[in-house]
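Written out below as C-alpha cells is the structure these notes cover.
The values are calculated or read from the model by the stated rules, or taken from the named source; none is laboratory data. Everything quoted here is computed from the prediction, not taken from an experiment. Here Cβ is always computed from backbone atoms with ideal geometry, including for glycine, and neighbour counts include all displayed protein chains.
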C-alpha cells in the first residue's frame, strides 16, 4: 500500500470509536496507526505527530468529541487530507458535532460521523495513487451492492 491512515484521538475515551474506524480500514486494506493528542491540552504533541508523518503519504482521521478543535488544528498545520469523524453524543443531542462543521476560514477538513464513512473516505483518497487500494474500494462497493440486491430479492418474496 502506498499510504496509511493516522487516526488521532483527542483522548483515550475515543478508542472504542476509533477501533470501529480501524475495522473498516482493515476491510479496505488500509494500513493505519493510532495516536492520542489534544489540541486544547497538548497542542505541541499534536504538532509533533504531524511532523512525525510529514514525509509520508498519510490521511489523518481525527476523532474528538465535545469541542473538536483537533480536526481544524491539524488541518491548519498540514497539507495532508484531514477527515473529522467526531463521535456522536446523545448528551448534547448531537450539537457537539457543529464544532467539526463550523471551522475557521482556510480550513479544509471534511466531516463524516460514521466510522465506515471515515474509512471509505481515507481509502478513496489514498487510492488516487494506489491501484491495488482502488480495486479494494471498488470490491467493497460491489459487495455493498450485492447485499442490497440480495435483500431486494428476499423482500420481493414477502407478502
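Points to keep in mind about this one:
- The single condition among (1) within 21 Å of residue 13 (Cα to Cα); (2) assigned to a loop (DSSP other than H, G, I, E, B); (3) in contact with a helix residue (DSSP H, G or I) (Cβ under 6 Å, 6 or more places away or on another chain) that residue 116 does not satisfy is (2).
- For residue 64: the one exception among (1) at pLDDT 95 or above; (2) within 16 Å of the chain's Cα centre (by Cα): (1)
Residue by residue, here is whether (1) exposed (fewer than 15 other Cβ atoms within 10 Å of the Cβ); (2) part of a loop (DSSP other than H, G, I, E, B) holds:
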{"position": "7", "(1), (2)": "no, no"}
{"position": "13", "(1), (2)": "yes, no"}
{"position": "17", "(1), (2)": "no, no"}
{"position": "21", "(1), (2)": "no, no"}
{"position": "24", "(1), (2)": "no, no"}
{"position": "39", "(1), (2)": "no, yes"}
{"position": "47", "(1), (2)": "no, no"}
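- Scope the stretch 71-86; condition outside any loop (DSSP other than H, G, I, E, B) and either buried (at least 24 other Cβ atoms within 10 Å of the Cβ) or touching a strand residue (DSSP E or B) at 6+ places or on another chain (Cβ under 6 Å) (or both); matching residues: 71, 73, 74, 75, 82, 83, 84
- Condition met for residue 156 (over 21 Å from residue 21 (Cβ atoms) and either within 14 Å of the chain's Cα centre (by Cα) or exposed (fewer than 11 other Cβ atoms within 10 Å of the Cβ) (or both)): yes
To keep it simple, each residue is scored yes or no on (1) touching a helix residue (DSSP H, G or I) at 6+ places or on another chain (Cβ under 9 Å); (2) closer than 25 Å to residue 94 by Cβ; (3) in contact (Cβ under 8 Å) with a residue 24 or more places away in the chain.
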{"site": "8", "(1), (2), (3)": "yes, yes, yes"}
{"site": "11", "(1), (2), (3)": "no, yes, yes"}
{"site": "15", "(1), (2), (3)": "no, yes, no"}
{"site": "53", "(1), (2), (3)": "no, no, yes"}
{"site": "61", "(1), (2), (3)": "yes, yes, yes"}
{"site": "67", "(1), (2), (3)": "yes, yes, yes"}
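- Any hit, the stretch 34-45, residues being within 21 Å of residue 117 (Cβ to Cβ), touching a helix residue (DSSP H, G or I) at 6+ places or on another chain (Cβ under 6 Å) and touching a residue at least 40 places away in the same chain (Cβ under 8 Å): no
- Being in contact (Cβ under 8 Å) with a residue 40 or more places away in the chain and within 22 Å of residue 33 (Cα to Cα) is not true of residue 112.
- Listed by first and then second residue, the pairs with beta-carbon distance under 7 Å, at least 6 apart or on different chains, first residue in the stretch 138-156 and on the phi < 0 side of the Ramachandran plot, second at pLDDT 90 or above, are 140/27; 140/28.
- If you go through the stretch 26-36 and keep only what is surrounded by 14 or more Cβ atoms within 10 Å (Cβ to Cβ) and out of contact with any strand residue (DSSP E or B) (no Cβ under 6 Å at 6 or more places or on another chain), you end up with 27, 28, 29.
- Within the stretch 124-137, tally of residues that are outside any helix (DSSP H, G or I) and in contact (Cβ under 8 Å) with a residue 24 or more places away in the chain: 2
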